[in-house]
Amino acid sequence: MLEEIQEKEKSTEVEDATAEPSVEEELEEVIEELDELAEAQNLASEWEDKFIRAHAEMQNIQRRSREERESLLRYRSQDLAKNILPALDNLERALLIDVKDEADESIRKGISMVQENLLQALKEEGVEEIQVDGTFDPTLHMAVQTLEATDEHPTDSIVQVLQKGYKLYERVLRPAMVLVAK
C-alpha cells in the first residue's frame, strides 16, 4: 500500500509538472504576445499614416478646387472684355475726327458717352488701362517699332503709344503697342 501511495504521489507530481508551464514556456508566450503587439502597433501606425496622407490629399483637392472656382469667378469676364476692346479702339478713333459743325459735335458727344459707359462697365469688372509711364516693360508693352535714342527719349523709353493696353486685375488682356527708343 505504501508503494501505491508513493506511485500516486509521483504521478501527481508528474501531472503537476506537466500542468504548470515552465519559465521558458512562459517567456516564449510573452515574447510571442509582444511580437503580436509590435506587429499590431506597426499595422496601426501604417494605417494612421495612410489616413493622414489621404486626409491631406483631400484638403489639397478641396483647396485647389476652391482656388479654381475663385479664379473662374474673378476672370469670368476676360473673353467678353477682349471682344469689346476693338470696339473701344474704334470709338477712340472716331473721337479723333475733326468736328466741323454742331451736328458733328453732338455725334462726337454721343460717341464719347458710349465710350465712357463701356470703360465704366469694364472697370466694374476689373478691367483697367495699362498705364504708360515712359519706361518700356515687356510684360505690359509690345514694342512694334524701335527708334534711335535721343536726349529727349533715352534708351528703353516709350516714344509713342500706338494702341492702348488693358489688363484684368493682374492678368494682361492686351499689351500696349508702343514705339520704343533703342
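Structure summary
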read-out: Any chance ARG74 is over 20 Å from GLN163 (Cβ atoms), surrounded by 12 or more Cβ atoms within 10 Å (Cβ to Cβ) and over 25 Å from the mean Cα position of the chain (by Cα); value: no
read-out: Residue selected from the stretch 85-107 under the condition among the hydrophobic types (A, V, I, L, M, F, W, C) and assigned to a loop (DSSP other than H, G, I, E, B), by the criterion nearest to the chain's Cα centre (by Cα); value: LEU96
read-out: Residue among ASP98, ASP89 that is surrounded by fewer than 14 Cβ atoms within 10 Å (Cβ to Cβ), under 24 Å from TYR75 (Cβ atoms) and charged (D, E, K, R); value: ASP89
read-out: Test: residue in the stretch 107-127 that is β-branched (Val, Ile, Thr) and under 28 Å from VAL180 (Cβ atoms); value: yes
read-out: ASP137 vs. criteria at pLDDT 90 or above and out of contact with any strand residue (DSSP E or B) (no Cβ under 7 Å at 6 or more places or on another chain); value: yes
read-out: Residue that is hydrophobic (A, V, I, L, M, F, W, C) and farther than 21 Å from TYR169 by Cα, where the choices are LEU118, LEU80, LEU96, LEU122; value: LEU96
read-out: Residue pairs meeting the criteria (Cβ under 8 Å; at least 6 apart or on separate chains; first acidic (Asp, Glu), in the stretch 38-62; second modelled with pLDDT of 95 or more); value: none
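The values are calculated or read from the model by the stated rules, or taken from the named source; none is laboratory data. Here the structure is a predicted model, which means the values were calculated and not measured. Backbone-built Cβ (ideal geometry, glycine too); neighbour counts: all protein chains shown.
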